[in-house]
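Inspection log for the structure reproduced underneath, given as structure tokens.
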Amino acid sequence: MGEKRVLIVYYSRSGNTKKIASELAKKLSGDLEELIENKNRNGVVGYIKSGLDAVKKVNTKINSSKFDAKEYDIVIIATPIWAGTMASAVRTYISENKEKFSKVTFLCTHGGGGGEKAFNEMRELSKAYPVAICDISNSEIKKGSWIEKIDKLVNEIDK
Ligand SMILES: Cc1cc2nc3c(=O)[nH]c(=O)nc-3n(C[C@H](O)[C@H](O)[C@H](O)COP(=O)(O)O)c2cc1C
């Protein structure tokens, strides 16, 4: 990594996106911002609530940021796919911080699909065109092949 300052912002309900965001932060020597909501999303009820919030494009309250996105050359925004779109906390973060972004990169984890639609929405919401995108399925996480995808992403960002 050159002199670029990288911020990785992520939300993770069950740990997949967290694992990938953390690895990216290591590889890019970036700062890691976890989005935390004051909302219980555990269990089946939490799953259903989350799906509904995503469909309704609800903005949830998130913790205040540790890092200022304005100070970074690239902000990587990582989200799980919920009902074919971004998780609610990520929607809130983009809405509240989009004026601060210079370059963005989008990453998602999903059970099988939905990345393309989510990326389109993230682009519209942030008013920013990503320099790179990366989607990782749960089976790629299981098999371990997500590492290669992350390495490719790191190369793209490093250009
Ligand atoms: C409420 C909810 C809705 C989901 N909807 C989708 C979906 O539409 N498409 C998909 O491929 N995966 C879907 N998933 C699976 C997650 O995107 C996937 O397991 C992801 O890796 C979870 O990330 P996390 O562990 O960081 O929370 C959904 C998961 C939840 C909790």
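The values are calculated or read from the model by the stated rules, or taken from the named source; none is laboratory data. Owing to the predicted nature of the structure, the values given are computational and were not obtained by experimental measurement. Positions of Cβ are backbone-derived with ideal geometry, glycine not excepted, and every protein chain shown enters the neighbour counts. Heavy atoms of the whole protein, side chains included, go into the accessibility calculation; ligands, DNA and RNA do not. Shrake-Rupley method; radii C 1.70, N 1.55, O 1.52, S 1.80 Å.
General remarks:
- Filtering Ile150, Ile133 for residues that are under 16 Å from Lys18 (Cα atoms) and hydrophobic (A, V, I, L, M, F, W, C) leaves a single hit, Ile150.
- Of all residues in segment 87-104, those satisfying the criterion of being surrounded by 22 or more Cβ atoms within 10 Å (Cβ to Cβ) and either near the ligand (Cβ under 10 Å from one of its atoms) or more than 12 Å from Asn59 (Cα to Cα) (or both) are Ala87, Ser88, Val104.
- When restricted to residues that are polar (S, T, N, Q) and open to solvent by 40 Å² or more (accessible area, probe 1.4 Å), segment 46-61 contains 1.
- Residues in segment 2-38 that are open to solvent by 80 Å² or more (accessible area, probe 1.4 Å) and in a loop (DSSP other than H, G, I, E, B): Glu3, Arg5, Arg13, Ser14, Ser29, Ile36, Asn38.
- Scanning segment 18-40 for residues that are among the charged types (D, E, K, R) and either within 11 Å of the ligand (Cβ to nearest atom) or in contact (Cβ under 8 Å) with a residue 40 or more places away in the chain (or both) gives Lys18, Lys19, Glu23, Lys27, Asp31, Glu34, Glu37.
- Asn120 falls short on exactly one of the conditions (1) open to solvent by 20 Å² or more (accessible area, probe 1.4 Å); (2) within 10 Å of the ligand (Cβ to nearest atom), and that condition is (2).
- Taken together, the residues in segment 137-159 that are within 14 Å of the chain's Cα centre (by Cα) and open to solvent by 30 Å² or more (accessible area, probe 1.4 Å) amount to 0.
- From Gly15, Gly43, residue being free of Cβ contacts under 8 Å to residues at least 12 places away in the same chain, within 12 Å of the ligand (Cβ to nearest atom), of a type outside the set (A, V, I, L, M, F, W, C) and under 21 Å from Ile94 (Cα atoms): Gly15
- Residue in segment 46-83 that is nearest to Arg13 (Cα to Cα), counting only those that are away from the ligand (no atom under 16 Å from the Cβ) and touching a Phe, Trp or Tyr at 6+ places or on another chain (Cβ under 7 Å): Val75
- For segment 125-136, the condition holds for at least one residue, the condition being that it is open to solvent by less than 20 Å² (accessible area, probe 1.4 Å) and within 11 Å of the ligand (Cβ to nearest atom).
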